[in-house]
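Scroll down for the structure; my scribbles are underneath it.
Read the figures in this text as sums done on the coordinates, not as results from a lab. Please read all numbers here as calculations on a predicted model, not as lab measurements. Cβ: placed from backbone, ideal geometry, glycine included. Neighbour counts: every protein chain shown.
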Amino acid sequence: MKKTSIAAIAAAGLALAIASGNAAAAPINWDYTVTSSFSVLPGSTTFTSGSGCQSVSASSITWGACPTGPAGPGRSGIGISNNPQTGMLTTNGAAESANTYTHSNNVVSGAYATLKSATINATLGLRAAGSADPYIYKTATYKILFAETPNTAGTCAATSPVGNPCNDIWVLDGSLNETITLGGDEYFFSFFAAPALATLPDAVCAAAGAADGCIGFTTVEGQENAVNFLLKVTSTPLVVEVPEPASVALLGLGLVGLAGTRRRRLNKA
């Protein structure tokens, strides 16, 4: 196992902070709400060259055979559900449910344009648990890189079921460690996918247009691959144990990353 410190957010994963000059006064339990969406601004989603029909909305992206609409034969897509998600979490406690991303991974003709990258906006709201206080919100933005791999069985960049077309590849970039200040206190929160951290092999990263050592997961062809994202808030720096690529079976979904830390502000002179 190697220790990997997760860097600041561009996008994923995501992280939030709320700091305090008086740690004892800081809330421990939080009511939370999480709402995520794909950005529909020009240039926020890109596709490879090709024909077919592409559709982008706040809750889904689809590509492949026309007409546009829900994913199905000859058409794939990714959608967000359990959105918004609400609940209660504890600082340094267990991770709690956030939104779910489902990749409908269907065979798409090589003549069609496919998803290459997209931007996700994730908004977290926090308030002291059980209070009537207004939520304090933070929106963090991160990027996903995607590779629609060849739809034939054979040599695959990512480990895939024997006799099955190659798994498709997802990489998350900048999904961790956003900050927000509330009452002079900072906390960091992170979103991550279950069930396990996975540093992808360099060849898999390259296939998705990512640098060596990228973090992500792969999805099985011909399946509805539901990626359940979780949320964690911490008060101390968190170092994530990431398995070496050789020790990770990439036959489904992988945890994309997790880190959290809290910084105490300096007392005013």
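Under a crude label model (7 Å from the Cα following the beta-carbon direction), how far is residue 132 from residue 226 in nanometres?
3.7
Which whole-Hz couplings ³J(HN,Hα) result when phi for each residue of segment 125-140 is put into the Karplus expression 6.51 cos²θ - 1.76 cosθ + 1.60, θ = phi - 60°, listed in order with x for Gly and Pro?
Computed from phi, the couplings for segment 125-140 are x, 10, 8, 4, 4, x, 8, 9, 5, x, 5, 9, 10, 9, 9, 10 Hz.
For residue 231, what is the net charge nearby, where nearby means another residue's Cβ is under 14 Å from its Cβ and Lys, Arg count +1, Asp, Glu -1?
Within the 14 Å Cβ shell, the charges total -1.
If we count every other residue with Cβ under 13 angstrom of residue 103's Cβ, Lys/Arg +1 and Asp/Glu -1, where does the sum land?
-3
Set the Förster radius R0 to 22 Å, insert the Cβ-Cβ distance between residue 202 and residue 109 as r into 1/(1 + (r/R0)^6), and round the FRET efficiency to 0.05.
For R0 = 22 Å, the calculated efficiency reads 0.15.
Show me 28-34, 167-173, 78-84 ranked by packing, highest mean number of other Cβ atoms within 10 Å first.
Ranked from most to least packed, the peptides come out as 167-173, 28-34, 78-84.
Mind checking the full-extension length gain between residue 95 and residue 58? Use 0.36 nm per residue of separation minus the Cα-Cα distance, one decimal, nm.
Value of the extension gain: 10.8 nm.
Once fully extended, how much extra length lies between residue 49 and residue 159, figured as 0.36 nm per residue of separation less the alpha-carbon to alpha-carbon distance?
37.0 nm
What is the antiparallel percent of DSSP beta bridges lying wholly in segment 32-132, to the nearest 5?
95
Quick query: amide H of residue 66 versus all other amide H atoms, modeled in the peptide plane; which residues come in under 5 Å with a sequence gap of 5 or more or a different chain?
Under 5 Å from the amide H of residue 66 lie the amide H atoms of 53, each far enough along the sequence or on another chain.
Expressed as a rounded percentage, what relative contact order does segment 35-140 have, with Cα pairs under 8 Å and six or more residues apart?
Across segment 35-140, relative contact order equals 32 percent.
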